[in-house]
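**Student:** The following block contains the structure, expressed as structure tokens.
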Amino acid sequence: MVFTRTAGLLLLGLWTTGSVAAAAPVQAAASDPADERQGQMRQGEFTDSEIFPGTTRTYRVYVPAQYDASQEAALMVFMDGRNYAKASGPFRIPRVFDQLIAAGQMPVTIAVFVDPGTISATKAGAANRSNRSFEYDSLGDRYARFLIDELLPVALEGLNVSTDPAERAVGGISSGAIAAFTVAWERPDQFGKVLSHIGSYTNIRGGGAYPGLIRQTKSQPKPIKVYLQDGRDDLDNLHGHWPLGNEDMAAALQFAGYTYKLEMTDGGHSGKWAGERLPAALRWLWSDSAESTNRTAQQTKPDWQPHPDALVKSDVPQGKVHKMPPWRSKVLANTVRDWAIYVPAQYDPQTPAALMVFQDGQSFLNPKGRWRVPVVFDNLIASGDMPPTIAVFLNPGHDTTKPRRPGGKPSDRGLEYDSLGDRYARFLAEEILPEVRRQYNLSDDPSLHAIGGSSSGGICSFTVAWERPELFRKVFSNVGSFVNLRGGDAYPGLVRKTEPKPLRVYMADTSGDLDNPFGHWPIANRRMAAALNYMGYDVRFDWAEGYSHSADFAGERFPEAMRWLWRSESHRRVIDTSDDLKGDLTLLELLIPGEDWQVVADDLGFVDAPCADEQGNFYFCDMRAPAVYRLDPEGNRHLICEEAVSGLEFGPDGRLFACQAGKKRVITIDPDSGQVEEVASGFAPNDLAIASDGNLYITETRQQKIVRVNPDSGAVLALPTEIAGPNGIALSPDEGTLAVSDHRGPHVWMFRVQADGSLDAAMPSMSVRLPIDAEGEFRFNQPPPYLTRSRGDGMAVDSRGRYYVTTAVGIQIFDPTGRLCGVLPAPRGDQPLVSCAIGGPAGQYLYVANGNAVLRRKLQVR
């Protein structure tokens with residue numbers, strides 16, 4: 001770089017070296033004539049990233065007037081750099097830096113403003129695709145490596161910048177803010193300060209995990225200093241609740257002993273309020289004597305009195321409690337537990353009774369305790385506020401191969417209650433409920449089945465209903481442990497991005513609840529309640545200031561909670577998506593109330609290759625017959641040919657193309673005559689996507705290949721890919737992007753389709769929700785044991801650009817930039833979910849091949 005001093009101003013020579021385009025003319029960073037010491041700016045383009053291949057981005061470099069090349073300058077890097085550098089924007093960093101440096105309130109600091117990457121379209125009619133979310137919202141060190149190893153060496157060439165992380169800061173807004181935190185978190189050896197404005201510590205791409213990760217570093221905090229700002233009216237949308245996300249981050253930083261500052265300002269998802277506080281925030285960030293925010297919650301012990309309905313009434317019939325023999329479980333291997341059953345006085349063996357199962361049963365059974373369930377049930381059943389209900393009281397299991405915990409406590413409470421997945425639900429469904437049914441007449445109606453608990457018993461109860469809503473549809477949770485004991489902090493994100501389940505949920509917590517190495521219970525419960533509210537669940541959340549991690553608050557109102565939980569009136573669902581931004585394609589706008597899955601074809605062998613034409617006909621293959629069928633708009637089934645195919649799609653010339661891996665060929669099928677013609681051979685095609693120019697893009701799963709086939713000549717060209725098991729494949733509506741699912745991995749990959757039909761810019765842009773390994777090890781203070789194979793299979797794209805991918809956990813839906821919008825469980829969970837297609841006259845139906853059946857669901861695509 002060439003430095004020239006002219007008229008007292010530092011001018012930066014401009015250059016072009018490989019990845020950097022010619023920069024714009026030098027301009028002053030600010031236009032205040034009263035300030036004679038203005039830094040200078042230059043601009044460049046970075047186009048040669050190997051970490052984010054195919055991306056182009058603008059960057060700007062600010063050099064203060066006080067910069068002396070003989071002395072190391074501090075460094076600050078801003079994500080969404082254009083917003084921070086803009087002279088008329090809310091931040092105006094160059095001008096603020098000019099003033100604070102001149103006043104000696106921050107060191108001489110060079111600023112680098114980095115825009116997010118864009119994948120520029122080269123194919124006619126295709127649009128550029130933003131890479132912002134993949135770069136900013138993803139956890140891990142990918143973006144840090146991009147900054148440190150690729151961009152900054154170019155942007156800072158010729159400048160003398162400190163390598164001391166205490167003299168290097170990183171900042172951003174919204175997704176740029178979590179990106180800034182991620183960079184410092186992954187590389188505290190490079191950056192020791194973080195400026196975060198309205199940070200997206202939500203479940204866009206897993207950012208909600210940070211509070212739990214931060215708390216794990218309490219014994220050895222990372223050497224980073226963090227400033228957080230958020231607006232009290234910030235977003236509450238499909239990705240999460242921004243204010244609670246930032247509060248959770250602050251609580252975790254405080255608990256783990258970090259130097260941090262949290263400012264909750266007025267306003268919402270905007271830089272306006274952050275900009276007003278920016279000079280003070282920078283002074284704090286660069287001060288050696290900055291003090292941390294200290295947020296405390298007062299625990300209290302109010303006088304406790306039982307609710308009138310928790311007292312024995314002489315005129316109310318009393319049920320009986322039967323102590324059961326210790327239960328030895330096979331599902332929860334090696335465990336034994338005590339349990340009991342309450343039978344109301346009104347129980348009639350001829351009439352099916354309702355059911356409620358309590359975890360930590362001894363506590364809920366205690367007639368002198370806070371819950372006094374038998375007494376409360378006696379009174380509420382007698383008053384007609386709840387139906388005659390049999391209650392099951394289960395204590396946690398003890399592993400007979402282990403010693404008991406202090407005080408004789410069972411060994412497996414945390415393992416059973418805090419673990420996600422369906423193991424405890426299976427224990428109830430396969431062992432306890434059949435035993436209760438053997439003795440009592442229970443209703444088969446899941447809306448008459450409730451489950452409840454406190455603390456870890458609370459999250460356990462929710463997990464059971466979440467996993468098995470066909471068994472339990474009412475949940476009671478007091479001071480629920482929706483924290484990182486064994487991954488429960490994931491629930492708010494799961495709730496917001498899963499098709500709503502028919503659950504009614506009562507929750508209670510207080511401000512004096514726990515704040516410990518595993519989470520902040522009050523914030524966790526507020527995040528959980530907010531998620532349930534956003535998705536329109538029938539939920540009630542009772543809250544109070546003070547108290548502690550106890551049954552005091554909820555115990556006083558337990559009868560009222562039961563009245564609400566067992567009330568007869570139906571829930572009126574209220575949906576508010578006003579905080580969903582333009583690109584936030586929430587399930588709430590896609591799903592049509594009252595529209596469920598409809599059976600299209602049933603009792604088949606094994607269905608694959610769903611496909612639709614513009615006339616409303618639907619096509620599929622029964623692989624075991626084998627046969628390819630057409631269903632006309634009236635639902636009549638017509639046999640086309642007797643072939644087994646794993647992919648069907650119409651080309652632009654009207655031909656119906658199909659993949660035949662067994663015969664190692666691609667064929668066309670005449671929809672009217674059934675005539676088959678070979679197009680290409682010599683490889684094992686699995687699925688295909690067809691461009692408007694006729695080119696076929698085909699996956700070879702076992703060979704780990706993507707190939708391009710010319711339909712006229714039959715020429716086959718293998719295209720490079722890093723995918724372990726390429727399977728489903730689909731083109732975006734503008735055909736500028738090709739998406740490919742990985743059956744053996746955790747991602748869906750996105751490629752840029754070049755004008756000549758070649759592929760580049762390959763990135764694992766979609767992170768697939770993974771199934772939990774029921775046989776895996778559920779470790780304490782760690783996420784559940786997820787399987788690494790998503791079983792990503794068939795794919796479809798709607799007119800809005802959403803990608804639909806069939807996987808082990810259901811149909812996963814992603815927006816055009818690769819962010820998960822939500823998951824629809826398989827219509828038939830006991831059958832494999834193979835592939836999907838968009839069809840119908842207006843492309844309003846989602847069809848799925850689900851084992852031995854084809855089903856469809858009407859959607860609100862636009």
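The values are calculated or read from the model by the stated rules, or taken from the named source; none is laboratory data. Predicted, not measured: the structure shown is a model, and the values here were computed from it. Cβ coordinates were reconstructed from backbone atoms using ideal geometry, including for glycine residues, and neighbour counts include every protein chain displayed. All accessible areas refer to the heavy atoms of the entire protein, side chains included, with ligands and DNA or RNA removed. Shrake-Rupley method; radii C 1.70, N 1.55, O 1.52, S 1.80 Å.
**Student:** Residues that are at positive phi and open to solvent by less than 30 Å² (accessible area, probe 1.4 Å): list the strands (runs of 3 or more DSSP E) wholly contained in the stretch 705-821 that include at least 1 such residues. Explain how you work it out, then say what you get.
**Tutor:** Values: elements: 705-709, 716-719, 726-731, 737-742, 747-753, 759-767, 795-797, 803-807, 810-814.
Qualifying strands (runs of 3 or more DSSP E): 759-767, 810-814.
**Student:** Within the stretch 249-258, is even one residue touching a strand residue (DSSP E or B) at 6+ places or on another chain (Cβ under 9 Å), at pLDDT 95 or above and open to solvent by 20 Å² or more (accessible area, probe 1.4 Å)?
**Tutor:** The answer is yes; a qualifying residue exists.
**Student:** Limited to the stretch 633-644, what total is found for residues that are among the acidic types (Asp, Glu), within 15 Å of Asp613 (Cα to Cα) and in contact with a strand residue (DSSP E or B) (Cβ under 7 Å, 6 or more places away or on another chain)?
**Tutor:** Within the stretch 633-644, the subset among the acidic types (Asp, Glu) is 634, 642-643.
With within 15 Å of Asp613 (Cα to Cα) added as a condition, the list becomes 634.
Among the residues that remain, those that are also in contact with a strand residue (DSSP E or B) (Cβ under 7 Å, 6 or more places away or on another chain) are: none.
Here the count works out to 0.
**Student:** Would you pick out the residues in the stretch 412-448 that are over 19 Å from Phe476 (Cα atoms), open to solvent by 30 Å² or more (accessible area, probe 1.4 Å) and part of a loop (DSSP other than H, G, I, E, B)?
**Tutor:** Passing the criteria: Tyr440, Asn441, Asp444.
**Student:** So which residues in the stretch 159-194 are of a type in the set (Val, Ile, Thr) and either more than 27 Å from Ser70 (Cα to Cα) or surrounded by fewer than 24 Cβ atoms within 10 Å (Cβ to Cβ) (or both)?
**Tutor:** Once the filter is applied, which keeps residues that are of a type in the set (Val, Ile, Thr) and either more than 27 Å from Ser70 (Cα to Cα) or surrounded by fewer than 24 Cβ atoms within 10 Å (Cβ to Cβ) (or both), the stretch 159-194 yields Val161, Thr163, Ile173, Ile178, Thr182, Val183.
**Student:** Assess whether Gly271 counts as being open to solvent by less than 40 Å² (accessible area, probe 1.4 Å), within 25 Å of Ala102 (Cβ to Cβ) and under 31 Å from the mean Cα position of the chain (by Cα).
**Tutor:** Yes.
**Student:** Same structure again: Between residues in the stretch 222-248 that are closer than 26 Å to Cys821 by Cα and without any contact (Cβ under 8 Å) to a residue 24 or more places away in the chain and residues that are in a loop (DSSP other than H, G, I, E, B) and open to solvent by 20 Å² or more (accessible area, probe 1.4 Å), which pairs lie under 8 Å by C-beta distance while being six or more apart or on different chains?
**Tutor:** Partner pairs satisfying both residue conditions: Pro243/Arg232; Pro243/Asp233.
**Student:** Also, I was wondering about something else. Select from the stretch 613-632 the residues that are part of a strand (DSSP E or B) and not aromatic (Phe, Trp, Tyr) and list them in ascending order.
**Tutor:** Listed by number, the residues that qualify are Cys621, Asp622, Ala627, Val628, Arg630, Leu631.
**Student:** Could I ask something else about it? Please name all residue pairs, on different chains or six or more residues apart, with Cβ atoms under 6 Å, provided the first residue is in the stretch 275-301 and is farther than 30 Å from Ala551 by Cα and modelled with pLDDT of 95 or more and the second residue is open to solvent by less than 100 Å² (accessible area, probe 1.4 Å) and of a type in the set (Gly, Ala, Ser).
**Tutor:** So the pair list comes out as Trp284/Ala290.
**Student:** With respect to the numbered conditions (1) in contact with a Leu (Cβ under 6 Å, 6 or more places away or on another chain); (2) farther than 15 Å from Val740 by Cβ; (3) assigned to a strand (DSSP E or B), which one is the sole condition not fulfilled by Pro671?
**Tutor:** For Pro671, the exception is condition (3).
**Student:** Output the residues belonging to the stretch 618-639 that are of a type outside the set (A, V, I, L, M, F, W, C), modelled with pLDDT of 95 or more and open to solvent by less than 60 Å² (accessible area, probe 1.4 Å).
**Tutor:** Tyr619, Asp622, Pro626, Tyr629, Arg630
**Student:** If I filter the stretch 111-126 for residues that are under 30 Å from Arg819 (Cα atoms), touching a helix residue (DSSP H, G or I) at 6+ places or on another chain (Cβ under 7 Å) and among the basic types (Lys, Arg), do I get at least one hit?
**Tutor:** Checked the stretch 111-126: no residue is under 30 Å from Arg819 (Cα atoms), touching a helix residue (DSSP H, G or I) at 6+ places or on another chain (Cβ under 7 Å) and among the basic types (Lys, Arg).
**Student:** Separate question: Are any of the residues in the stretch 384-401 of a type in the set (S, T, N, Q) and within 21 Å of Asp444 (Cα to Cα)?
**Tutor:** yes
**Student:** Just to check your reading of the model, which residue among Phe476, Phe482 is part of a loop (DSSP other than H, G, I, E, B), open to solvent by less than 20 Å² (accessible area, probe 1.4 Å) and among the aromatic types (Phe, Trp, Tyr)?
**Tutor:** Selected residue: Phe482, the only one of Phe476, Phe482 that is part of a loop (DSSP other than H, G, I, E, B), open to solvent by less than 20 Å² (accessible area, probe 1.4 Å) and among the aromatic types (Phe, Trp, Tyr).
**Student:** Restricting attention to the stretch 616-648, report how many residues are in contact (Cβ under 8 Å) with a residue 40 or more places away in the chain and of a type in the set (Ser, Thr, Tyr).
**Tutor:** Residues that pass the stated criteria total 2.
**Student:** Being surrounded by fewer than 16 Cβ atoms within 10 Å (Cβ to Cβ), among the basic types (Lys, Arg) and part of a strand (DSSP E or B) narrows it down to one residue among Lys323, Lys313; which is it?
**Tutor:** Details: Lys313 fails: part of a strand (DSSP E or B).
Of Lys323, Lys313, the one residue that is surrounded by fewer than 16 Cβ atoms within 10 Å (Cβ to Cβ), among the basic types (Lys, Arg) and part of a strand (DSSP E or B) is Lys323.
**Student:** Also, I was wondering about something else. For Gly651, indicate whether it is within 18 Å of Tyr803 (Cβ to Cβ) and touching a residue at least 60 places away in the same chain (Cβ under 8 Å). Reasoning before the result, please.
**Tutor:** Values: within 18 Å of Tyr803 (Cβ to Cβ): no; touching a residue at least 60 places away in the same chain (Cβ under 8 Å): yes.
Considered against the rule, which asks whether it is within 18 Å of Tyr803 (Cβ to Cβ) and touching a residue at least 60 places away in the same chain (Cβ under 8 Å), Gly651 comes out as no.
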